[in-house]
Structures are given as C-alpha cells and as structure tokens.
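Written below as structure tokens is the structure these notes are about.
Please treat every number below as a calculation from the coordinates, not as lab data. Keep in mind it's a predicted model, so treat the numbers as computed, not measured. Cβ sites come from the backbone with ideal geometry, for glycine too, and all protein chains shown count toward neighbours.
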Amino acid sequence: MKGKKIVKRIREVFTPEQAEILEEFFDFLDELVKVHDFNELKAIVKELAEAQKNTEKKLEELAEAQKNTEKKLEELAEAQKNTEKKLEELAEAQKRTQEDLRNLRKDYGGFTRTYSYAFENEAYKYLPAVLKEKYQIEVIEKFIRTEIEEEEINFFACGRRNGKKIYIVGEAKIRFDDNKKDFEKTFRELKRKVEAVKSKYGEVEIVKLIVTHFAKPRALKLAQEKGIIVVQSFEW
C-alpha cells in the first residue's frame, strides 16, 4: 500500500522522466534487499546442512564405536567362557590327581604294612638270640604280635633276666630317626603299650624294645637314656 502511495507522490512531484528513473531506482533497492535475504538464507541452510553432515558423521562414529564395544564384549564373554572351561578342566584334573593320590597312599600303605609285617616276622626268628647274647635276656615264650587293652603290640614275649621273670614289649620301626618330634611320638606309643601290659598283668618288670632296620646314633643315645633297648636288623 505504502509503495503505491510513494509511486503516486513521485509522479505528482517529478517529471515523467524523473519519476520513471526514481521508480526504477526503488525497484532496484527492493530487489537488492530480496537477494541479500536470500543469500543469508542460503548461508544458514548451508551451515545447517554442514552441521547435519557433521552430526551424521558423529553418529556413524558413535555407531562404529558401539559396534566395536559390542565386539569387545563378545570377545570378553568368549574369553570368560574359555576361562570357565579351563577352570572346569583344572578342577577335573585336580579331582583325578586327588583320586590318584588316594590310590597311591592306599597302595603305599598296603605295601608298608606288608613290608612291616615281613620285617617283624623276620625279627621274631632272630630276636631271642640277639637279646640273650647282648642283653642276657632269655626268651621263655616266643614273640607274638598281639593286642592288649586295645593297644596293638608288635613284639610281646615273656622272658627271664638274672633269674627274674620279665615281659618284653616292643615297637617296630623301619627307620629310627633322631628327629625330636618323631622320637617323642615313638616313646609315647611305647609307653602307652607298656601301661596296657601293666594294666593287664599288674606291676611286672617290663623291658622296652624297639626293632628297626636302621637307627641314627643320636636316636640310640636318646633311647638308652629312656631305658629302651634298640635292636637293628644287621645285628641278627
């Protein structure tokens, strides 16, 4: 509306030639503003398009990172699965090892008992002569393996020393070491057996005996201090 009034006023004030020039000038200005606005709009659209492009690039990078994360998680899950499998295999191997050890202990225990019994049986034949020759003890009733008052006694016999009746109570040891702990254990076991015999036969004289394949010198000394006779297999 205002544009028409301006054009009318120009035609009233100026000559037709001047009015035509002015109208063209105002048309130019009007077109110039429209081009400027359009260029600004184009710049904004371009910026928005660039921002959108950067956003899409970031989203692609994020998607790739997510994909890599999922891959890593899958690898971690697979590694965890393999670890659990290895642990199961290790547990199974440990179980088999324990079973083998139990069987080995059982076999070894059986072998040890068999060997110990064979050793004791051999000793029964030769002990009387060794005791008579070295300790002046005459065995008047043969050695036996027995149980008295729930105590298993490896060597038990009646004997005579200096015309007096005695009882012989002995323990078999494959090896008689001087380790303090082992020695004290052996002495306690022998003492317990002696007390069992006294419980059954009264306050009788008892000779304590240890029969072994080999005895350490210090173990022999400790036994002597305790009044224990030690007979080694090489002596018969």
Open item on the list: As a test, work out the antiparallel percent of DSSP beta bridges whose residues both lie in segment 119-235, rounded to the nearest 5.
Closed with: 50 percent
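Order 144-153, 208-217 from most to least packed using the mean count of other Cβ atoms within 10 Å. Working shown, then result.
Details: 144-153: 13.8, 208-217: 19.2.
Peptide ranking by packing, descending: 208-217, 144-153.
How do 174-185, 220-231 rank on mean C-beta neighbours within 10 Å, highest first?
Details: 174-185: 13.7, 220-231: 16.2.
By packing density, highest mean first, the sequence is 220-231, 174-185.
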